[in-house]
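Student: Dropping the structure in here first, questions after.
The values are calculated or read from the model by the stated rules, or taken from the named source; none is laboratory data. Because the structure is predicted, anything quoted here is derived from the model rather than measured. Methodologically, a virtual Cβ is constructed for each residue, glycine included, from the backbone with ideal geometry; neighbour enumeration extends over all protein chains shown. Just so you know, the surface numbers come from the protein's heavy atoms only, side chains and all, with ligands and any DNA or RNA stripped out. Shrake-Rupley method; radii C 1.70, N 1.55, O 1.52, S 1.80 Å.
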Amino acid sequence: MKKAALHNLGCKVNAYETEAMEELLRKDGFEIVSFDDKADVYVINTCSVTNIADRKSRQMIHKCKKLNPNACVVAAGCYVQNFGKDVADELGADIILGNNKKNDLVPKVHEFFASIDREKPILDWYDINDGSVDYEDMIIEKDSEHTRAFVKVQDGCNQFCTYCIIPFARGRIRSRQIPDVVKEITGLAKAGYKEVVITGIHLSSFGSGTEFNLADLLEAVEKIDGIERIRMGSLEPQIVTEDFAKRVSALSKICPHFHLSLQSGCDSVLTRMNRKYTAAEYTKGVEILRKYFDNPAITTDIIVGFPGETEEEYNTTLAYVDEIRFAELHVFAYSKRKGTRAATMPNQITNAVKKERSSKLIAQGNKESELFKKSYMGKWVEVLFEEKIKIDNKDYYVGFSREYIKCIILAEDKDLSNQILSVKVTKFTPDYEYLIVEI
């Protein structure tokens, strides 16, 4: 029996696609082994969101040949979609699968092993930006990495933010049909999954150009027996309307956790980023969510040091973060991305300034995260426990509340994996990483 190992780089959509490719190989008779083991086939699902991601993708491809010089090395995903055609001969991979070509994995692997001449890589790639690309249906029956199951429902992006390369790597927006999603999640529920995370490259555009939308999908998933919690991936603030919030809040299985991408709290920076909303419009979305949900977790991403960001613009963002009171803040220092408009903009910010601004914003975010977690002291929360971990030589089960707060409970002699329990928050770990709960 041939052995295969897979490694994922990048986002939750990539992780889903890696799981789907793993199932394709398993069904073809491959034994799936750890990526550090010697395998006959190595699959790297590459990422291209930053220059660092590009470098990591190349490094992982080269690592495979060191692990087994005779192995078939498959490079798939965003990095090879952006550059694979141009660097195919020097990349070191035996098979290059562009995006929307991952379902071709098994036939291409067989083609490789049947080939006598293996000097030239097998290139399965096409221009994903020609406007006529259909949604590539992939499906998973289980998720080997999580108690929660991630399900991809949408691909592509039409936004063209000035700092982002992903629209070029993923093509234009396209969506799965709702019955296909329901069928997959029904199978996952039968396999024992209780929580499903709905993901996409630009999830808010799900159903764009069709007669259905994201709220329609969530209402359909709500009806699936066995699924007890529905969580959404990253959303654009424009999706949060009165109608959307009213419909979603009526669903008992929806987790009150909304990751609304912000990037900057300053309108002039948002304009240069080509983000299609203002800070005031973002605030309106947050107010709507807080109207329909009791103390929801609002989390976000912010980029500091975007080209031309003045001290005044940065301070505007800092004040805005203080105003919104996020449950969690993910801060990124702007990094030039070749092929994007922002990379050629004037007034690039120095690394020293970006580092200083990042540190200050991270500290502000940590303070607000602590306040949000403290608001649950003495309250009862619903937690899906996932796995056993050790803290200070004690065994705990760790899981997430509906608000996506990490919670831990003493393990004792019970197996709590994949169980949803109502528990009371009694205290915190000193670093506020976990809520400590009791039954």
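Student: Going by the structure shown, is ALA114 touching a helix residue (DSSP H, G or I) at 6+ places or on another chain (Cβ under 9 Å) and without any contact (Cβ under 8 Å) to a residue 40 or more places away in the chain?
Tutor: no
Student: Please tell me if SER34 is part of a loop (DSSP other than H, G, I, E, B), under 29 Å from ARG341 (Cβ atoms) and either acidic (Asp, Glu) or in contact with a strand residue (DSSP E or B) (Cβ under 9 Å, 6 or more places away or on another chain) (or both).
Tutor: So SER34 does not fit the description; no.
Student: For LEU435, all conditions in the list (1) modelled with pLDDT of 95 or more; (2) open to solvent by less than 70 Å² (accessible area, probe 1.4 Å) hold save one; what is the number of the exception?
Tutor: Only one criterion in (1) modelled with pLDDT of 95 or more; (2) open to solvent by less than 70 Å² (accessible area, probe 1.4 Å) is unmet by LEU435, namely (1).
Student: Which residues, taken from the stretch 344-403, are within 26 Å of LYS253 (Cα to Cα) and part of a loop (DSSP other than H, G, I, E, B)?
Tutor: Residues satisfying the conditions are SER375, TYR376, MET377, GLY378, LYS379, ARG402, GLU403.
Student: Check off (1) within 18 Å of LYS427 (Cα to Cα); (2) buried (at least 18 other Cβ atoms within 10 Å of the Cβ); (3) touching a residue at least 24 places away in the same chain (Cβ under 8 Å) for TYR397 and give me the number that stays unchecked.
Tutor: (3)
Student: Can you work out which of the residues in the stretch 237-255 that are under 21 Å from ILE405 (Cα atoms) and buried (at least 20 other Cβ atoms within 10 Å of the Cβ) is farthest from the chain's Cα centre (by Cα)?
Tutor: Once the filter is applied, the top-ranked residue is VAL248.
Student: A further question follows. So in the stretch 110-158, with the set limited to residues that are assigned to a strand (DSSP E or B) and hydrophobic (A, V, I, L, M, F, W, C), which one is farthest from ILE198 (Cα to Cα)?
Tutor: ILE122
Student: Which is acidic (Asp, Glu), out of contact with any strand residue (DSSP E or B) (no Cβ under 8 Å at 6 or more places or on another chain), at pLDDT 95 or above and surrounded by fewer than 18 Cβ atoms within 10 Å (Cβ to Cβ), of ASP322, ASP392?
Tutor: That would be ASP322, the only listed residue that is acidic (Asp, Glu), out of contact with any strand residue (DSSP E or B) (no Cβ under 8 Å at 6 or more places or on another chain), at pLDDT 95 or above and surrounded by fewer than 18 Cβ atoms within 10 Å (Cβ to Cβ).
Student: If you don't mind, there's one more thing I want to ask. In the stretch 91-107, which residues are open to solvent by 10 Å² or more (accessible area, probe 1.4 Å), more than 12 Å from VAL43 (Cβ to Cβ) and either in a loop (DSSP other than H, G, I, E, B) or in contact with a helix residue (DSSP H, G or I) (Cβ under 6 Å, 6 or more places away or on another chain) (or both)?
Tutor: GLY92, ASN100, LYS101
Student: Please pick out the residue among GLU412, GLU387, GLU382 that is open to solvent by 20 Å² or more (accessible area, probe 1.4 Å), modelled with pLDDT of 95 or more and farther than 30 Å from TYR79 by Cα.
Tutor: None of the others qualify; the one that does is GLU382.
Student: Given the residues ALA88, ALA76, which is the only one that is of a type in the set (A, V, I, L, M, F, W, C) and modelled with pLDDT of 90 or more?
Tutor: Criteria check complete, one pass: ALA76.
Student: In the set ASN51, ASN14, which member is under 23 Å from PHE332 (Cα atoms), among the polar types (S, T, N, Q) and within 17 Å of the chain's Cα centre (by Cα)?
Tutor: ASN14
Student: Only one of (1) closer than 30 Å to ARG337 by Cβ; (2) more than 16 Å from the chain's Cα centre (by Cα) is not met by LYS223, so which one is it?
Tutor: That leaves (1) as the condition not met.
Student: THR18 - would you say it is open to solvent by 10 Å² or more (accessible area, probe 1.4 Å), β-branched (Val, Ile, Thr) and closer than 22 Å to ASN103 by Cβ?
Tutor: Yes, satisfied.
Student: Take TYR432 and tell me if it is in contact with a helix residue (DSSP H, G or I) (Cβ under 6 Å, 6 or more places away or on another chain), under 23 Å from VAL321 (Cβ atoms) and outside any strand (DSSP E or B).
Tutor: The answer is yes for TYR432.
Student: Go over the candidates GLY29, GLY10 one by one and state the one that is without any contact (Cβ under 8 Å) to a residue 40 or more places away in the chain, of a type in the set (Gly, Ala, Ser) and either closer than 30 Å to ARG148 by Cα or in contact with a helix residue (DSSP H, G or I) (Cβ under 8 Å, 6 or more places away or on another chain) (or both).
Tutor: Sole residue among the options that is without any contact (Cβ under 8 Å) to a residue 40 or more places away in the chain, of a type in the set (Gly, Ala, Ser) and either closer than 30 Å to ARG148 by Cα or in contact with a helix residue (DSSP H, G or I) (Cβ under 8 Å, 6 or more places away or on another chain) (or both): GLY29.
Student: Tell me, which residue of the stretch 177-236 that is in a loop (DSSP other than H, G, I, E, B), among the β-branched types (Val, Ile, Thr) and open to solvent by less than 60 Å² (accessible area, probe 1.4 Å) is nearest to LYS12 (Cα to Cα)?
Tutor: Of everything passing the filter in the stretch 177-236, ILE201 is nearest to LYS12 (Cα to Cα).
Student: Quick one: how many residues across the stretch 51-90 are part of a helix (DSSP H, G or I), under 21 Å from ASP37 (Cβ atoms) and open to solvent by 10 Å² or more (accessible area, probe 1.4 Å)?
Tutor: Residues flagged as part of a helix (DSSP H, G or I), under 21 Å from ASP37 (Cβ atoms) and open to solvent by 10 Å² or more (accessible area, probe 1.4 Å) within the stretch 51-90 amount to 8.
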